[in-house]
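Below is one structure, written out as structure tokens; the observations come after it.
Bear in mind that the values in this text are calculations on the coordinates, not laboratory data. Predicted model only: the values in this text are computed from it and were never measured. Glycine also receives a Cβ, built like all others from the backbone with ideal geometry; neighbour counts cover every protein chain displayed.
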Amino acid sequence: MGKYETPDYEVLEKEDSFELRKYGQFYIVEYDNRADPDVDRGFRTLFKYISSENKDNEKISMTVPVIQEETDENRKMAFVVPEKYWGQVPEPTDSNLKVEQFDEGVFAVIQFSGKRSRTKEISMKEKLDKWITDKGLEKQSAFMVASYSGPFTLPPFRRNEVWVRVQYK
């Protein structure tokens with residue numbers, strides 16, 4: 001994992017597997033395809049983008065995490081753009097991809113290892129939601145699942161997180 005760039009953040013509070021983090025602004029390339037509600041083609045489409053299928057024909061370094069967000073309308077998947085491109089992000093050629101600014105803010109986070117599953121994600125969201133409520137915080141976004149490990153990483157060594165933007169002080 002150490003060889004991949006990841007967005008910088010500051011840990012404001014830590015309690016067991018929970019953290020409050022302050023992220024600075026960064027950029028993502030987001031896959032948003034309403035005809036693919038389970039984002040089955042999301043990773044492949046994003047991988048093609050960083051493999052040079054963009055308007056600059058530029059190969060872009062892989063970053064982590066891969067972020068999935070599920071709203072009432074849709075599920076989306078995104079790659080973090082390496083910092084060296086923030087001034088000029090290569091434009092996607094695929095109409096299901098768009099460059100977005102990920103605004104700075106404070107996020108409540110819970111970490112978990114192992115294989116991701118719908119059941120595990122729901123359980124982690126419920127735990128994080130309870131922690132947020134117990135701390136008197138207010139959610140300001142949908143939950144996001146952040147995956148840091150490749151598919152060949154053994155499950156006990158996989159790093160996954162659930163994030164949600166919160167109002168903090």
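Data table
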{"read-out": "Cα-Cα over 20 Å, subset of Lys22/Lys169; Lys84/Lys139; Lys98/Lys120", "value": "Lys84/Lys139; Lys98/Lys120"}
{"read-out": "Inter-part distance where the stretch 112-156 and the stretch 18-47 are each reduced to a Cα centre, Å", "value": "15 Å"}
{"read-out": "Angle between the chain longest axis and helix 118-134 axis [Cα atoms, degrees, rounded to 10]", "value": "50 degrees"}
{"read-out": "Computed P(r) (all Cα pairs; the chain; 10 Å bins; percent)", "value": "10, 38, 38, 13, 1"}
{"read-out": "Signed unit charges on C-beta, dipole axis of the chain, positive-most listed residue Tyr27, Gly136, Ile50", "value": "Ile50"}
{"read-out": "DSSP-loop trypsin sites (Lys or Arg not before Pro) across the stretch 36-76, with at most 11 other Cβ within 10 angstrom", "value": "Lys55"}
{"read-out": "Chymotrypsin sites (Phe, Trp or Tyr not before Pro) lying in DSSP loop within the stretch 48-153, provided at most 14 other Cβ fall within 10 Å", "value": "Trp86, Phe152"}
